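Here the structure comes first, spelled out in C-alpha cells, and everything after it is commentary.
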C-alpha cells in the first residue's frame, strides 16, 4: 500500500441508511514519498430534504457555508459515477482490485457512507486518529493537532479544509518518525 485516498465527507446525519452525503473531498497521497496528488471534489445539488434534516446538522452546515453552497449548486452529478472515474484514472490498480484505502480521521464513518455509492474500497483504512493517539502517547508532543488546525478550523466541518489539515499533520508526524525527531 503506497497510495491512499485522504478523504472527508459531510452528511445530513450519522446513519448511512437514512442520511445523504452533502460534500466529498479526496486527495490521493503517496505514503512512500509523502506527496499529495490529484484531488476530487463533489457537492450535492439535492436540497429537498431540508425539512427532515436534524436541526443541529442544519445549523452547523448553515454556519459553515455548506448549506448555501448546496442550494446554489445547479450541477447535478452522480457521486458514484464521478468518484469511480476519478479513482480509475488516478488509482487504477487499487480501484480495479477493489483495494482503495481511505485515510483520514475517524475514516470508518466516511467509508460506511461511501460504500453505499460505489465499490472499490478496501475494508482496511488508514486511520489518522489512531496515529495521532500513538504519537501523543509516545512523545512529549501532546498538542500536535493544534499546530495545524485552530479551534475555528476544527469547527468548520468542511471536507476540503479537513483533508488538507489531515495531510499536513500526517506529513509532520511521518517526517519526525522517519528522521527520529521529536
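The values are calculated or read from the model by the stated rules, or taken from the named source; none is laboratory data. The model shown is predicted, which means the values in this text are computed figures rather than measured ones. Neighbour counts run over all protein chains shown; Cβ positions are idealised from the backbone, glycine included.
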- Could you check, for segment 41-58, whether at least one of its residues is part of a helix (DSSP H, G or I) and surrounded by 12 or more Cβ atoms within 10 Å (Cβ to Cβ)? yes
- Message: Would you confirm, using the coordinates I've provided, whether residue 145 is closer than 21 Å to residue 175 by Cβ and in contact with a helix residue (DSSP H, G or I) (Cβ under 8 Å, 6 or more places away or on another chain)?
- Response: yes
- Any pair with Cβ under 7 angstrom, 6 or more apart, that starts in segment 65-89 at a residue that is in contact (Cβ under 8 Å) with a residue 60 or more places away in the chain and ends at one that is surrounded by 12 or more Cβ atoms within 10 Å (Cβ to Cβ) and assigned to a helix (DSSP H, G or I): 87/95
- With respect to the numbered conditions (1) loosely packed, with under 15 Cβ neighbours inside 10 Å; (2) at pLDDT 90 or above; (3) in a helix (DSSP H, G or I), which one is the sole condition not fulfilled by residue 152? (2)
- Query: Quick one: would you say residue 94 is touching a residue at least 40 places away in the same chain (Cβ under 8 Å) and either more than 22 Å from residue 44 (Cα to Cα) or in contact with a helix residue (DSSP H, G or I) (Cβ under 7 Å, 6 or more places away or on another chain) (or both)?
  - Reply: yes
- Odd one out for residue 32, checked against (1) at pLDDT below 95; (2) in contact with a strand residue (DSSP E or B) (Cβ under 7 Å, 6 or more places away or on another chain); (3) surrounded by fewer than 21 Cβ atoms within 10 Å (Cβ to Cβ); (4) closer than 22 Å to residue 169 by Cα: (2)
- Note on the structure: For segment 92-105, the count of residues that are out of contact with any strand residue (DSSP E or B) (no Cβ under 6 Å at 6 or more places or on another chain) and either at pLDDT below 85 or surrounded by 19 or more Cβ atoms within 10 Å (Cβ to Cβ) (or both) equals 2
- Item | When residues of segment 75-91 are limited to those that are touching a strand residue (DSSP E or B) at 6+ places or on another chain (Cβ under 9 Å) and part of a helix (DSSP H, G or I), the one surrounded by the most Cβ atoms within 10 Å (Cβ to Cβ) | 83
